[in-house]
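What follows is a single structure, written as structure tokens, with notes after it.
Every number in this text was worked out from the coordinates using simple rules, so none of it is lab data. On a predicted model such as this, the values are computed, not experimentally measured, just so you know.
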Amino acid sequence: MTVRVLLVDDDALVRAGLRMILSSAEDLQVVGEADDGARAVAAVREHKPDVVLMDIRMPEMDGITATAALRRLDAPPQVIVLTTFHADEQVMGALRAGAAGFLVKDTPPTEIVTAVRLVASGEAMLSPSVTRTLLSHLGDAETSERRRIATERLARLTDRERAVATAVGSGASNAEVAASLFMSEATVKSHVSHLFTKLEVANRVHIAIVVHDAGQS
């Protein structure tokens with residue numbers, strides 16, 4: 001399967017570099033580019049990419065606003081936000097808006113390709129170390145309201161689903177969850193799909209945020 005990718009960055013050199021990196025992989029196809037968040041939304045409607053690489057800091061519509069707009073579409077693409085910083089407040093805002101993960105712009109080319117593939121397949125792209133960094137920057141759960149909502153959502157889960165959610169929240173892949181909980185990967189995938197519905201989240205990053213907000217991480 002070919003993964004269709006849209007590049008969004010106000011720096012033409014950055015877009016050119018990303019295009020060169022992604023074009024080196026036979027299963028990835030860059031279907032379009034945009035230099036602003038508003039134009040990114042229009043480009044997604046036109047090209048229907050599977051994954052969007054989204055810069056956060058742009059002069060007109062920023063990446064956070066654009067990510068939220070994309071997630072409201074009927075068939076939204078997965079969004080990976082691009083940043084020059086490791087887990088700053090704007091990255092946190094983009095993840096809460098629905099981004100599936102983030103990459104710093106100096107990420108090695110092979111890791112960028114791998115991240116796009118993983119996000120397109122619905123797998124985890126955040127390693128345990130990156131997940132810990134992410135959660136450490138979320139701070140206390142603003143405490144009462146977010147914790148209350150997250151706790152109520154986790155209460156909807158069966159014990160097995162809660163165990164899967166906790167493992168996913170730690171940054172584990174489907175294979176790692178399957179091994180630790182003694183179940184097949186197909187069963188893990190089924191549980192993860194149910195978690196998206198029961199926890200009212202769009203991706204695995206949001207599972208991690210719910211688990212964290214409920215004080216279960």
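At-a-glance table
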quantity	calculated
Crossing angle, helix 37-47 versus the chain [Cα axis fit, 0-90 degrees, rounded to tens]	90 degrees
Residues with amide H under 5 Å from that of GLU33, placed H, sequence gap 5 or more	LEU7
The chain: most fluctuating residue of ASP27, ASP74, ASP50 per GNM, C-alpha cutoff 10 Å	ASP74
Top of ILE112, ILE21, ILE56 by mean-square fluctuation, Gaussian network on the chain, Cα under 10 Å	ILE21
